[in-house]
There are 2 protein chains.
Amino acid sequence: MKKVYVGLVGFGTVGTGVAKILLNDAKTIAERTGTELILKKICDLDLSRARDIAPPGSMLTTRADDVIGDPEIGIVVELIGGIDAAKRVILNALRHGKDVVTANKALLATAGDELFQEAFSCGRSISFEASVGGAIPVISPLTSTFLSNRIHSIVGIVNGTCNYILTKMAEERAAYGTVLREAQKLGYAEADPALDVEGIDTAHKLAILARLGFACDFDYSQIYIEGISKIGIEDIVYAQQLGYVVKLLAIGSHHDGELELRVHPTLLSKGHPLATVREAFNAISFEGEAMGRIMLYGRGAGQMPTASAVTSDIIDVALGRAAITARFLRIFPTRTPRTKVKHIGEINTRYYLKFTALDKPGVLAHIAGVLGNHKISIASVIQQEEHRGEAVPVVMMTHLANEANLRNALGQIDKLPVVKKKTVFMRVLDGE
Amino acid sequence: MKKVYVGLVGFGTVGTGVAKILLNDAKTIAERTGTELILKKICDLDLSRARDIAPPGSMLTTRADDVIGDPEIGIVVELIGGIDAAKRVILNALRHGKDVVTANKALLATAGDELFQEAFSCGRSISFEASVGGAIPVISPLTSTFLSNRIHSIVGIVNGTCNYILTKMAEERAAYGTVLREAQKLGYAEADPALDVEGIDTAHKLAILARLGFACDFDYSQIYIEGISKIGIEDIVYAQQLGYVVKLLAIGSHHDGELELRVHPTLLSKGHPLATVREAFNAISFEGEAMGRIMLYGRGAGQMPTASAVTSDIIDVALGRAAITARFLRIFPTRTPRTKVKHIGEINTRYYLKFTALDKPGVLAHIAGVLGNHKISIASVIQQEEHRGEAVPVVMMTHLANEANLRNALGQIDKLPVVKKKTVFMRVLDGE
């Protein structure tokens, strides 16, 4: 039976999960794939930490070069995360003739072009199923089943932390700060949650999905990013009354040679298949020319789901399929056309607006007038019961409008003396 | 650029869709895959039928041998359906050194062992992404991403016709016959709907999913099959009141070296991700050791979704990945252990029961007594308002019970003079 030697760099949560699968399930995998995967070396700077698996001491090292320099090892799995050290490990491994498996979305999103260029020059592959959606097969369909389609749109809930927080806020009517602290206690959010709650992790994943799905390259920094840390519970409740849930979405679309790429809290209509995705689950919906809509759903994070995806990449490399994917497909950066990303001001969508204005005659008419002057028409209004003379919330849903126009209109409206707070606005995604 | 010649056998709905993609999108596919797919020959007995694509006459033939015998053609796509002729085409193509792509679930389910054996002997591949779930990537994850997992259960809504009918019955409170006729008018059901509504098509798909997912072989005829043609609207309404939807499910599980494989109408709890799958959509949920639950959702039928899956198989063969899958993986019949399928009497599940009994003192106690004697305990009861002396429906949900015990109990109960109709029972699937 074919033997393939694997080296792990990074023995944290996911690394431990991968080691568990490779050490405990090697027989099952060999039975199914006709290939023996042998975990040969594991590298981590901290080898003293308690882990629920104990590989033989001879397998362990603190020097990545011990893994990369081992001539028997064919596959190097990078699971240290972060940018600089991870990049060095991957480039070094490729130059030593190793195929690479990684879950590092931040690195792929921001330096993917350099990595894939090097892999291509070295005739090696980089596999990254675990970089988006944990155990959910996402990268694999994009590099196989979906190739027969022109993909028009990709919409995803790809950050479990944000989805957990938004689910709890909606279902328990609890404030953002309260839910975040609870999520941190349960391990659903990091001590420093910024990467997740500010939408950055979601943008990294959108960059990967969009490059593959639309077969385009673009500048990562052109993705519009807005997180969930400023969402008020009141707006979530209004959204519910209007038939929407609030989700942090990664939204990508490709029309007429231009891309729309944005990450922001979104009012998603309750009939949309993504609307029922609760807690830390992830789901990604793709619209393709021939295939219509496909939605893929599952656990987007966690030790074993992520380890499952990493291991499936190891198998794909070991079997030789990853080499073919890397050699033939022109859907990786540097082999696809550089494509314009629309500025957020150029997009057209529907909006949820919440004004806080004095309840005086003529105020609503004034606001509506400013919106009208900017070509924004109103689809529906919720005005709270009257408190004559007090500042009350007025909630509106608009028809399709241009974002630059909207921002100009809100700039004027927020300067009106009767408007007492900065107007809240969120974008809307309709559709079943 | 690499050129791969393709021959189509079967120029019906799906065949026309595949021809459309290959003729119209060849450039896009070549850009992405570095491979030129050239549709060279199309065979159909009826070449006069109106189709919304007109390939050059030189491409068309009525003789399958013209396709199979063409030395330039590397991939033969079988889309004629049915058993005997399709089998001859596939075996013949394999023996002529062609790789085969097919969407023929009936053939794969019932004669898969023979076909895969021949493919293996000939060193060729059979690809069949389109056989289950239309455009949804299902076969591809089972032969790649999920290989790092032991899969414990597979539950799917894989027949669009049945799901359309059940959705309409539930949402419009319409009777089975009425909805079936409407579905036939809209093209969602065949003139002879038996293959769909009697659950046979669902069983074919379950056989394919289970063989790959559980890496087991078994006798197709041991799958328990019950269709939807006898479901009363009243039972769908009771199910709704109890917090369930009625779906025709393909249910497979693998525990302790034994399989459970069954197709039947099921009360599915509303919190289950499959419960929101409406109309002609399909979805399949997999539970794996490491990955947890993954659900894949999309259009399970229709010209272009199915053609999309067929074309993705053609690409996979053209790139050489399908050959690797066929050579290495031991998850196809004849390369997996023959495994026992539990008889339906051996299963344990919860049940929905509807008795039609005279509303007289002691009747409920009598029924409950018979159930108790067979170790069936009652979880909840709905008894309609009283019509003293008339036959009224009594609905019960049981706790976990053994099916043989249940059938024995119902046999006794249905003989009671106070019981006026054969008791209705349906199996339940709980879980979020």
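The values are calculated or read from the model by the stated rules, or taken from the named source; none is laboratory data. Since this is a predicted model, take the numbers as computed values, not measurements. Please note: Cβ atoms are built from the backbone with ideal geometry, for glycine as well, and neighbour counts cover all protein chains shown.
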What's the number of the only condition in (1) surrounded by fewer than 18 Cβ atoms within 10 Å (Cβ to Cβ); (2) under 22 Å from the mean Cα position of the chain (by Cα); (3) assigned to a strand (DSSP E or B) that A:MET295 fails to meet? (1)
Only listed residue being modelled with pLDDT under 95 and either outside any helix (DSSP H, G or I) or acidic (Asp, Glu) (or both), chosen from A:GLY81, A:GLY97: A:GLY81
Quick check on my filter: what residues within region B:273-294 are more than 8 Å from chain A (Cβ to nearest Cβ) and on the phi > 0 side of the Ramachandran plot? B:GLU279
Do you know which of the residues in region A:102-156 that are of a type in the set (Ser, Thr, Tyr) and under 20 Å from A:LEU195 (Cβ atoms) is farthest from the chain's Cα centre (by Cα)? A:THR102
Restricting region B:24-57 to residues that are facing chain A (nearest Cβ under 10 Å) and among the hydroxyl-bearing types (Ser, Thr, Tyr), the one surrounded by the fewest Cβ atoms within 10 Å (Cβ to Cβ) turns out to be B:THR28
Helices (runs of 4 or more DSSP H) completely within region A:153-217 that count 1 or more residues being away from chain B (no Cβ under 14 Å), within 23 Å of A:LEU142 (Cα to Cα) and of a type in the set (Gly, Ala, Ser): A:200-214
If we scan region B:101-110, do we find a residue that is touching a strand residue (DSSP E or B) at 6+ places or on another chain (Cβ under 7 Å) and closer than 17 Å to B:ILE315 by Cα? yes
Just name the residue that is farthest from A:SER131 (Cα to Cα) out of those in region A:192-211 that are crowded, with 23+ Cβ neighbours inside 10 Å and over 9 Å from the mean Cα position of the chain (by Cα). A:VAL197
Six or more apart or on different chains, Cβ atoms under 7 Å: show the pairs whose first residue is in region A:312-324 and facing chain B (nearest Cβ under 8 Å) and whose second is of a type in the set (Lys, Arg). A:ARG321/B:ARG321; A:ILE324/B:ARG321
Is there a residue in region A:253-262 that is crowded, with 23+ Cβ neighbours inside 10 Å, in contact (Cβ under 8 Å) with a residue 40 or more places away in the chain and within 13 Å of another protein chain (Cβ to nearest Cβ)? no
Please determine, by comparing only the residues of region B:334-378 that are within 14 Å of chain A (Cβ to nearest Cβ) and not hydroxyl-bearing (Ser, Thr, Tyr), which one is nearest to B:GLU234 (Cα to Cα). B:PRO337
Of the numbered conditions (1) of a type outside the set (Phe, Trp, Tyr); (2) over 18 Å from the mean Cα position of the chain (by Cα); (3) at pLDDT 95 or above; (4) not assigned by TED's automatic domain parsing to the domain that holds B:PHE11, B:ASP316 fails exactly one; give the number of that condition. (4)
The lone exception for A:LYS270 - which of (1) crowded, with 24+ Cβ neighbours inside 10 Å; (2) basic (Lys, Arg); (3) within 14 Å of another protein chain (Cβ to nearest Cβ) it fails: (1)
Flag if A:ARG88 is farther than 19 Å from A:ALA119 by Cβ and either part of a strand (DSSP E or B) or assigned by TED's automatic domain parsing to the domain that holds A:ALA111 (or both): no
For region B:295-309, give me each residue that is in contact (Cβ under 8 Å) with a residue 60 or more places away in the chain and facing chain A (nearest Cβ under 8 Å). B:LEU296, B:TYR297, B:GLY298, B:ARG299, B:GLY302, B:MET304, B:PRO305, B:ALA307, B:SER308, B:ALA309
So, in region A:302-331, how many residues would count as being under 26 Å from B:GLY133 (Cα atoms) and assigned to a loop (DSSP other than H, G, I, E, B)? 2
Among the residues of region A:6-27, the number that are over 27 Å from the mean Cα position of the chain (by Cα) and among the charged types (D, E, K, R) is 2
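One line per residue, one yes/no per condition, for (1) surrounded by fewer than 19 Cβ atoms within 10 Å (Cβ to Cβ); (2) of a type in the set (Lys, Arg):
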position	(1), (2)
A:LEU91	yes, no
A:ARG95	yes, yes
A:ALA111	no, no
A:SER121	yes, no
A:SER127	no, no
Here is a check on your reading of the model: is A:SER58 without any contact (Cβ under 8 Å) to a residue 60 or more places away in the chain, out of contact with any helix residue (DSSP H, G or I) (no Cβ under 6 Å at 6 or more places or on another chain) and in a helix (DSSP H, G or I)? yes
